[in-house]
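Enquirer: One structure coming up, written as structure tokens, with questions to follow.
The values are calculated or read from the model by the stated rules, or taken from the named source; none is laboratory data. Small disclaimer: the values here were computed from a predicted structure and weren't measured. Cβ: placed from backbone, ideal geometry, glycine included. Neighbour counts: every protein chain shown.
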Amino acid sequence: MKMTKDLVQKSKLLSLVLRHRPELIGLKPDAQGWVEVDQLLKSLESFGKPMSKAELEQVVATNDKQRFAFSKDKTAIRANQGHSINIDLDYPVSQPPQVLYHGTAQQFLASILKNGIQKKSRHHVHLSAETEIAKIVGSRYGKPVLLKIQSGLMHEAGIKFYKSENEVWLTDFVDPQFISINKQME
Ligand code: HQG
């Protein structure tokens with residue numbers, strides 16, 4: 001199901017407060033990034049951007065990248081990945097597929113091939129098993145470039161990978177030796 005414009009706006013506000021600036025609306029996520037649903041709805045209302053519980057449920061269910069998740073008992077919510085606030089997502093270490101992809105923009109290429117893929121303001125480097133997703137991610141910053149990552153070799157070298165609830169592969173850093181440009185996209 002496609003999100004309406006209104007739901008996209010609401011989703012962006014949720015990303016902002018659950019990943020980057022909870023203090024903006026007076027929220028304090030716990031150590032794993034969870035906030036109480038009731039508290040979130042109250043805070044959004046006081047902030048002048050009220051959201052009903054039904055709307056919140058709709059955002060979680062229809063979000064194009066499954067960015068948010070409810071706790072099992074549905075009383076708490078968090079973003080699945082992409083945080084800049086300091087939390088521990090507690091995802092288990094997982095064995096990655098042989099190859100993963102990272103979408104970036106042409107202007108970052110020289111620096112990446114020299115310095116590796118860094119996490120910048122996020123907690124982890126984000127990789128995906130799907131080339132399509134990586135292309136879309138890369139095009140946010142300019143002409144997209146698709147990088148192929150030897151995640152199998154990284155795993156063998158003892159580098160840890162985590163898989164988020166919404167199937168994003170997370171790691172700390174990708175050294176240039178594991179990166180090649182995916183020719184098909186040039
Ligand atoms: C680049 C979205 C120069 C890196 C997506 C990227 C993703 C370097 C940018 C999630 C570099 C950081 C994450 C280096 C890395 N020199 N540039 N050494 N190392 N970069 O947005 O991976 O819509 O923080 O290639 O779907 O683009 O928010 O990371 O271009 O899953 O849910 O620095 O964000 O999800 O940009 O995207 P970002 P990302 P959401």
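Enquirer: Considering each residue of the range 100-111, count those that are aliphatic (A, V, I, L, M) and either touching a residue at least 60 places away in the same chain (Cβ under 8 Å) or not assigned by TED's automatic domain parsing to the domain that holds A129 (or both), and give that number. Before you say what the answer is, go through the steps one by one.
Expert: Within the range 100-111, the first condition is being aliphatic (A, V, I, L, M), and the residues that meet it are 100, 105, 109-110.
Those still in the list that are either touching a residue at least 60 places away in the same chain (Cβ under 8 Å) or not assigned by TED's automatic domain parsing to the domain that holds A129 (or both) too: 100, 109.
Count: 2.
Enquirer: Six or more apart or on different chains, Cβ under 8 Å: which pairs go from a residue in the range 1-26 that's without any contact (Cβ under 8 Å) to a residue 60 or more places away in the chain to one that's among the aliphatic types (A, V, I, L, M) and surrounded by fewer than 13 Cβ atoms within 10 Å (Cβ to Cβ)? Could you list them?
Expert: Partner pairs satisfying both residue conditions: L16/L24; V17/L24.
Enquirer: Here's a follow-up. For the range 13-20, indicate whether the set of residues that are outside the structural domain of I133 (by TED's automatic domain parsing), within 25 Å of I133 (Cβ to Cβ) and β-branched (V, I, T) is non-empty. Don't jump to the end; show me each part of the working.
Expert: Here is the first cut: in the range 13-20, the residues outside the structural domain of I133 (by TED's automatic domain parsing) are 13-20.
Pick out the ones that are also within 25 Å of I133 (Cβ to Cβ) and you get 13-20.
Filter again for β-branched (V, I, T), leaving 17.
The answer is yes, given that some residue of the range 13-20 is outside the structural domain of I133 (by TED's automatic domain parsing), within 25 Å of I133 (Cβ to Cβ) and β-branched (V, I, T).
Enquirer: Among the residues of the range 46-69, count how many are without any contact (Cβ under 8 Å) to a residue 60 or more places away in the chain and touching a helix residue (DSSP H, G or I) at 6+ places or on another chain (Cβ under 8 Å).
Expert: Selection size over the range 46-69: 12.
Enquirer: Moving on to the next point. Being over 29 Å from V125 (Cα atoms) and of a type in the set (S, T, N, Q) is the filter here, so list the residues in the range 35-94 that pass it.
Expert: Here is the first cut: in the range 35-94, the residues over 29 Å from V125 (Cα atoms) are 38-39, 41-55, 73, 75.
Hits for the range 35-94 are Q39, S43, S46, S52, T75.
Enquirer: Still on this structure, I have one more. Give just the number: which of (1) within 11 Å of the ligand (Cβ to nearest atom); (2) surrounded by 12 or more Cβ atoms within 10 Å (Cβ to Cβ); (3) over 26 Å from K12 (Cα atoms) does S151 not satisfy?
Expert: (1)
Enquirer: Additional query: Looking at (1) part of a loop (DSSP other than H, G, I, E, B); (2) in the same structural domain as P176 (by TED's automatic domain parsing); (3) in contact with a helix residue (DSSP H, G or I) (Cβ under 7 Å, 6 or more places away or on another chain); (4) surrounded by 15 or more Cβ atoms within 10 Å (Cβ to Cβ), which is the only condition G142 fails?
Expert: With (1) part of a loop (DSSP other than H, G, I, E, B); (2) in the same structural domain as P176 (by TED's automatic domain parsing); (3) in contact with a helix residue (DSSP H, G or I) (Cβ under 7 Å, 6 or more places away or on another chain); (4) surrounded by 15 or more Cβ atoms within 10 Å (Cβ to Cβ) applied to G142, the lone miss is (4).
Enquirer: Being more than 13 Å from the chain's Cα centre (by Cα) and in a loop (DSSP other than H, G, I, E, B) is the filter here, so list the residues in the range 107-119 that pass it.
Expert: Filtering the range 107-119 for residues more than 13 Å from the chain's Cα centre (by Cα) gives 107-118.
Of everything in the range 107-119, those that are more than 13 Å from the chain's Cα centre (by Cα) and in a loop (DSSP other than H, G, I, E, B) turn out to be G116, Q118.
Enquirer: Taking T104 and the conditions (1) within 10 Å of the ligand (Cβ to nearest atom); (2) assigned to a helix (DSSP H, G or I), which numbered condition does it fall short on, given that it satisfies the others?
Expert: Every condition holds for T104 apart from (2).
Enquirer: Among (1) within 8 Å of the ligand (Cβ to nearest atom); (2) aliphatic (A, V, I, L, M); (3) within 26 Å of M3 (Cβ to Cβ), where does I85 come up short?
Expert: It fails just one condition, (1).
Enquirer: Here's something else I'd like to know. Of everything in the range 154-171 that's assigned to a loop (DSSP other than H, G, I, E, B), within 12 Å of the ligand (Cβ to nearest atom) and under 17 Å from Q98 (Cα atoms), which residue is modelled with the highest pLDDT?
Expert: Across the range 154-171, the extreme among qualifying residues is V168.
Enquirer: V137 passes all but one of (1) within 12 Å of the ligand (Cβ to nearest atom); (2) in contact with a helix residue (DSSP H, G or I) (Cβ under 9 Å, 6 or more places away or on another chain); which number fails?
Expert: The one condition V137 does not meet is (2).
Enquirer: Looking at Y91 and the list (1) assigned by TED's automatic domain parsing to the domain that holds F161; (2) away from the ligand (no atom under 11 Å from the Cβ); (3) modelled with pLDDT under 95; (4) surrounded by 12 or more Cβ atoms within 10 Å (Cβ to Cβ), which single condition is not satisfied?
Expert: Only one criterion is unmet by Y91, namely (1).
Enquirer: Does at least one position in the range 106-124 carry a residue that is among the hydroxyl-bearing types (S, T, Y) and exposed (fewer than 14 other Cβ atoms within 10 Å of the Cβ)?
Expert: Looking for residues that are among the hydroxyl-bearing types (S, T, Y) and exposed (fewer than 14 other Cβ atoms within 10 Å of the Cβ), one finds at least one in the range 106-124, hence yes.
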